[in-house]
Amino acid sequence: MAADPEYYLERLARLTGREREVLVLNCEGLKAGPISKLLDIGERTVYDHLDRIYAKLEIADLREHLRQRQLAFF
């Protein structure tokens, strides 16, 4: 991935408000179950949001541990 801050800002701008909420909670270490309770949505919905987030940030094809490292840049 590029080191240019604009690269990351451009991708973050693609996220919806709800996707940002899910992303923040996920980056704080929460799993799908607790996120679903906090946001009053289904656990499957959380996973769907995460899938879309990873696609929009262009990190969907990375393994989980690499994806988490890339999220630190965002």
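The numbers here are math on the coordinates, done by the rules we state, and not lab data. What you see is a predicted model, and the numbers here were worked out from it, not measured in a lab. Reconstructed Cβ throughout: ideal geometry from the backbone, glycine too, with neighbour counts over all protein chains shown.
Quick notes
- Those residues of the stretch 49-58 which are without any contact (Cβ under 8 Å) to a residue 40 or more places away in the chain and either loosely packed, with under 14 Cβ neighbours inside 10 Å or among the hydrophobic types (A, V, I, L, M, F, W, C) (or both), in sequence order: Leu50, Asp51, Ile53, Ala55
- Top-ranked residue of the stretch 1-35 - restricted to ones that are closer than 20 Å to Leu62 by Cα and among the basic types (Lys, Arg), ranked as surrounded by the fewest Cβ atoms within 10 Å (Cβ to Cβ): Lys31
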